[in-house]
Every structure is written in C-alpha cells, then in structure tokens.
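Just below is one structure, and these are the notes that go with it.
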Amino acid sequence: MFCFQCEQTAGCTGCTGKAGVCGKQADTANLQDELTGALIGLARAASGKEPGASADRAMLEGLFTTITNVNFDSETVRRQIQAVHREKNALAPGCGCCSSPCSRTDDYNMKQLWEENEDIRSLKSLILFGLRGMAAYAYHALMLGYTDKEVNRFFYKGLFAIGEDWGMDELLPIVMETGTVNLKCMELLDRANTETYGTPVPTTVPLTIEKGPFIVVSGHDLHDLYLLLEQTKGKGIHIYTHGEMLPAHAYPKLKAYPHLKGNFGTAWQNQQKEFADIPGAVLFTTNCLMPVKDSYRDRVFTTEVVQYPGIVHIDDKKDFTPVINKALELGGYESDHPMTGINGGTQVTTGFGHGTVLSVADKVVEAVKSGAIKHIFLVGGCDGAKPGRNYYTEFVRKAPKDSVILTLACGKYRFNDLDLGEIGGLPRLMDMGQCNDAYSAIRVALALADAFQCGVNELPLTLVLSWYEQKAVCILLTLLSLGIKNIYLGPTLPAFVSPNVLNYLVENFQISPISTPDEDLKKILSK
Ligand code: FSO
Ligand code: SF4
C-alpha cells in the first residue's frame, strides 16, 4: 500500500507496509486505489457525454469512501468497484467486448500516480484529495435533495486530468478550479442545510450527559441526525452530538426536539478513550471513525458510506431500530454524568454562521472602526492526534483581548470551552459550524471587505488553520482560488506538497507554516 493523504501519515512521508497510521489495512488501501482507478475510468468513459444521476451517485460515494477514517471494510469497497464498472459500461457500452481495444476508457493504475515525478504527483494529489473532500459535501447536499450539475461535472473533469500525461501548466489551473468549484459546493450544502433545518442561531450546548438511555451521533450528516431524532421521539432516549455534529444544535428545526440534549466528549481523536465502556449507543454518519476497541464494539453503528468490519451498518432504508434497542438495553448512566471540554469548561456555544454574524454586521464594522475590535482571527480546521496541536489552544488564549476569534470544524475542541468574554455585546469566540461552514467565514470576510471598501487581504483578519484530512484540502484550495493570502497552516505541512509546489504557494499566496503562538501573533499584529 501507499497512502499519504492525511496529516498523520507515517514519518510525514507516506503509509506503507501492512497498515496505515489510521488503522486502514493494506488490502483495503489497495482496493481504495483500485476504486479510485475505476472512477478515473468512469471519468474517461464520460468524456463528451452526459452521465446520469446513478453515475454521479457512484462517483460521490466512491470518492467519499476513500477519505481518511471513513471506510475500513474491503468488502464494501469491492462492491463499489463493481458499481462503478456497471456505470462505466452503461456510458461506453461497446468497450467491454471491443475486438481492438484503444484503452481510452481503461481504469487507471494508481501506481503510476504514486511513482510520478514529485511535482506532477503533488499537483495531481491536490486535485484528487480536494475532490475527495468536496465529494463528501456534495453527498450531504444530495441526501437533502440538493445537487448541482456544474459541481457534479467537475468530479469527472478533475479525475480525467489525473489520468492524463499532463504537465504543471495544464494541472495548476485545475488545482485552482477545484477550489472554485468547492466554493459552489459548500454554498450548495449551506443552502441545503439552512433551507431544510433553518438558519443557525447562537446556542449554548451543555456537556453533561443526563441519566437514562442515550445515543451519541457523530459525523457531519444533519439528515441522519434528523431521522434519528424522529425515530426516537417519545422513547425516553436522549440524543447527544459528537465531534463535527455539534453545530446541529443551532439549527431551529433540530433544536426543536427536546430530547436533543447536549454534546458528548471532545474531538474525534479522543473517541477510543471517551467511548470505552460507554453505556449508550454511538452512530457514525461520516468520518472520523477510528479502529473500534472491544470495550465498545457492540454499541457502535455506522451508516452512509462509513463501514467497519463486524460493525452493524444501517442501510439506506434508515431503520435505526438496532441503535435504539442497543441504547435501551444499555440504559445509560444512573445519574447525571458531568463531562467537560479539554480546558475544564462545562458548556460550549455554536450557531454563529453567516446568517447570525451578518445580521450584526453593522455592530462588527462599528467596533472595528472605533478600534474596539483590533483584529479578527479565524482559527479553524481539523483536530488530530499528533502533538503540537496545543498551539491552537495557546494561540487563542494569548490572542489580545481586543480581538475576536471565529472558529469552525473540529479543531475548535482545543479551545471552545474557554470563556473569552465579550467585545461590544459580541462574544469574542464565535463558532461558525462544521468544516463546510468555511462558506460562512468566506461570506463574512467578503461582506467586511465590502463594508470597508477594500480587498479581503487588506482587512485586519488572519486565518490560522489546522489540517488533518481531505476536506481541509478542498477548503484550502477554495481560499487560494479566492486570492486569500498570508494563511498560517499547521501543525505540519502536507507530505504531498513537493518543495517546488510549496515554493509556488509561498511566493503567490505567502502561506506560512505555524511557528509558536507568541512569534506568529507578534508577526501578525505588527503588520
Ligand atoms: Fe474534523 Fe474529521 Fe470536518 Fe475533517 S471531524 S477532521 S476536516 O473529518 O471533516 O472537521
Ligand atoms: Fe496513512 Fe492517512 Fe492514508 Fe491512513 S489516510 S493510510 S493515516 S496517510
């Protein structure tokens, strides 16, 4: 196997051997490569044609499946390869039985990519990993009935490019286009989420688990949470969010369920410790699933494209009865079970999406003009297991009192239980939502630039980002495609960015690797 798509990749170069650092076994990793090669074959077969809804669905599922911490189950990956082949044969019906094959619709051998010249490999990896992240967002939107032709078509265009013998000049524009199309995709998901469940409102979320049966819902898919809330109505079961599901509390139509009680635990990488002997059921709707330990193996369930060998999977019929029965059987804690964030806080807040922040835009503009707010930081992105991520906690703690911290995605668990106080009636720490709600941050940044009649790069705004997996890649590409400069990125730079590509990013976008909170704050605030 070879895989270097996430931040925890072995030795900061690549996972090889029997298994990846994430626990993905070599046979599954190889099958995921085969699946990606089949998707490139599908993109080739679709060239000059109009793929239909079933091909689009196979495309999204195939790409989403290969994201870090989503699918550890070889059997389901095999079935997906077959499904992709069926779609390819439907698009190019004569190819399978042609007597003089031209190889134009062949599957791609991913070994070719991993053995490419390092700069080409780097650009193609940026496209591939960006597409994987974007596919997850398109998939969630699709589950709510929202889809976009231009977004769907780009998956084929990007994958087709990966299979071609193209140079830097041809690949670079596609890297940037991945970012541009991802903005459209995040906007689509924002529309799907807000039109279905309402505009998020600021909400305080307790971290205590009340006594009695409960289910913890992890991942990003609001539709699954909604279906589970419906199916558990009046059953005496409490529902808690986990990880990236936390922002669900802010959506009026989800918030309206009285049994949606609070948030369980902290960020994804602590799950093996926090779920040990948990007297409740856990449902994973997306990443980030870690190898399941014996102490809670019988109470974990997966749905959507998440799968783990031996773990009960809830299929597309969405009958959550096994999850509900498990929660009732386990019974929950006998008395209220207080939990805290990593800094000892007992509650967190969320719900500061673009709807809320832009509704008080006048206040923000006034506070910046009067000097009450001197700087705005967006400290967001993924959390992860590697040491060095306490940088983000320290950065937020040390940020001056006249600054505001916007945050999003699971990296916020490093500091979201801190009470940072208020500035001019606004909380200093505002959680904008999941990683896909980077769309909200972009809307706010563009609106502020408009109000001050300047470019986003001229605003007193700095992005301090943490990355872990492929959704962070597509978001970073979106920010670059918008021309946003001076981003601070950590905890380490991606292994798939070659020195030449890094030079390009530094020269054109002034991306900086993070150093220490003190040094970076000094550098940012002295500008
Ligand atoms: Fe975190 Fe995991 Fe949302 Fe990622 S939960 S690391 S960026 O999957 O997707 O933020
Ligand atoms: Fe390694 Fe990350 Fe790939 Fe898992 S997803 S095999 S940890 S690079």
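The residue of the stretch 1-19 that is farthest from the chain's Cα centre (by Cα), among those that are near ligand 2 (Cβ under 9 Å from one of its atoms) and outside any loop (DSSP other than H, G, I, E, B), is A19.
Among the residues of the stretch 1-22, which ones are open to solvent by 20 Å² or more (accessible area, probe 1.4 Å) and either in contact with a Gly (Cβ under 8 Å, 6 or more places away or on another chain) or small (G, A, S) (or both)? M1, F2, C3, Q8, A10, G11, G17, A19, listed by residue number.
I'd like to know if the stretch 101-112 contains one or more residues that are within 26 Å of the chain's Cα centre (by Cα) and open to solvent by less than 70 Å² (accessible area, probe 1.4 Å). Yes.
Of the residues in the stretch 501-508, not one is of a type in the set (V, I, T), open to solvent by 10 Å² or more (accessible area, probe 1.4 Å) and part of a loop (DSSP other than H, G, I, E, B). The set of residues from the stretch 270-305 being surrounded by fewer than 24 Cβ atoms within 10 Å (Cβ to Cβ), among the acidic types (D, E) and within 15 Å of ligand 1 (Cβ to nearest atom) comprises just one member, E274. Residues in the stretch 287-312 that are farther than 21 Å from Q8 by Cβ, in contact (Cβ under 8 Å) with a residue 24 or more places away in the chain and polar (S, T, N, Q): T303 alone. Scanning the stretch 9-18 for residues that are away from ligand 1 (no atom under 16 Å from the Cβ) and of a type in the set (S, T, Y) yields T13, T16. Restricting attention to the stretch 20-27, does a residue exist that is more than 10 Å from ligand 2 (Cβ to nearest atom) and in contact (Cβ under 8 Å) with a residue 12 or more places away in the chain? Within the stretch 20-27 (the criterion being more than 10 Å from ligand 2 (Cβ to nearest atom) and in contact (Cβ under 8 Å) with a residue 12 or more places away in the chain), the answer is yes, since at least one residue qualifies.
On the given criteria, is T232 under 30 Å from F301 (Cα atoms), surrounded by 20 or more Cβ atoms within 10 Å (Cβ to Cβ) and among the hydroxyl-bearing types (S, T, Y)? Against the criterion (under 30 Å from F301 (Cα atoms), surrounded by 20 or more Cβ atoms within 10 Å (Cβ to Cβ) and among the hydroxyl-bearing types (S, T, Y)), T232 qualifies. In this structure, Y146 does satisfy being of a type in the set (F, W, Y) and more than 16 Å from ligand 1 (Cβ to nearest atom). Just one of the listed residues (R57, R44) is away from ligand 2 (no atom under 16 Å from the Cβ), over 30 Å from G411 (Cα atoms) and not in a loop (DSSP other than H, G, I, E, B), namely R44.
Within the stretch 351-383, being within 16 Å of ligand 1 (Cβ to nearest atom) and either exposed (fewer than 15 other Cβ atoms within 10 Å of the Cβ) or on the phi < 0 side of the Ramachandran plot (or both) holds for G353, L378, V379, G380, C382, D383.
Suppose we keep only residues that are of a type outside the set (D, E, K, R) and open to solvent by 10 Å² or more (accessible area, probe 1.4 Å) within the stretch 34-67. Which one would you say is farthest from ligand 1 (Cβ to nearest atom)? Per the criteria, the residue is G48. Among residues of the stretch 372-390 that are without any contact (Cβ under 8 Å) to a residue 40 or more places away in the chain, those with a beta-carbon under 9 Å from a residue that is more than 16 Å from ligand 2 (Cβ to nearest atom) at least six positions away or on a different chain give the pairs N390/R414. Contact map, the stretch 105-116: residues that are among the hydroxyl-bearing types (S, T, Y) paired with residues that are modelled with pLDDT of 95 or more and not in a helix (DSSP H, G or I), Cβ distance under 8 Å, separation 6+ or inter-chain. Pairs shown: Y108/G163. Regarding P101, is this residue touching a Leu at 6+ places or on another chain (Cβ under 8 Å), away from ligand 2 (no atom under 13 Å from the Cβ) and over 23 Å from V292 (Cα atoms)? In short, no. Taken over the stretch 238-269, the criterion of being of a type in the set (F, W, Y) and open to solvent by less than 10 Å² (accessible area, probe 1.4 Å) is satisfied by Y240, F264.
Yes or no, residue by residue, for (1) closer than 26 Å to L207 by Cβ; (2) open to solvent by less than 40 Å² (accessible area, probe 1.4 Å):
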residue	(1), (2)
N390	yes, no
K412	yes, yes
F415	yes, yes
L426	yes, yes
G433	yes, yes
A445	no, yes
K471	yes, yes
T492	no, no
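Checked across the stretch 88-98, the condition of being of a type in the set (D, E, K, R), at pLDDT 95 or above, within 28 Å of the chain's Cα centre (by Cα) and in the same structural domain as E177 (by TED's automatic domain parsing) holds for no residue. All conditions in (1) within 22 Å of the chain's Cα centre (by Cα); (2) more than 19 Å from H313 (Cα to Cα) hold for G219, with the sole exception of (2). Given the criteria within 16 Å of ligand 1 (Cβ to nearest atom) and not basic (K, R), does V21 qualify? Taking the combined requirement at face value, the residue satisfies it. Those helices (runs of 4 or more DSSP H) of the stretch 131-245 in which at least 1 residues are more than 29 Å from A327 (Cβ to Cβ), of a type in the set (D, E, K, R) and at pLDDT 95 or above, considering only elements entirely within it, cover 149-162, 168-197.
The values are calculated or read from the model by the stated rules, or taken from the named source; none is laboratory data. No experiment lies behind these values; they were computed from the predicted model shown. Glycine gets a Cβ as well: all are built from the backbone with ideal geometry, and neighbour counts include every protein chain shown. Side chains are part of the model used for accessible areas, which takes the heavy atoms of the whole protein and leaves out ligands, DNA and RNA. Shrake-Rupley method; radii C 1.70, N 1.55, O 1.52, S 1.80 Å.
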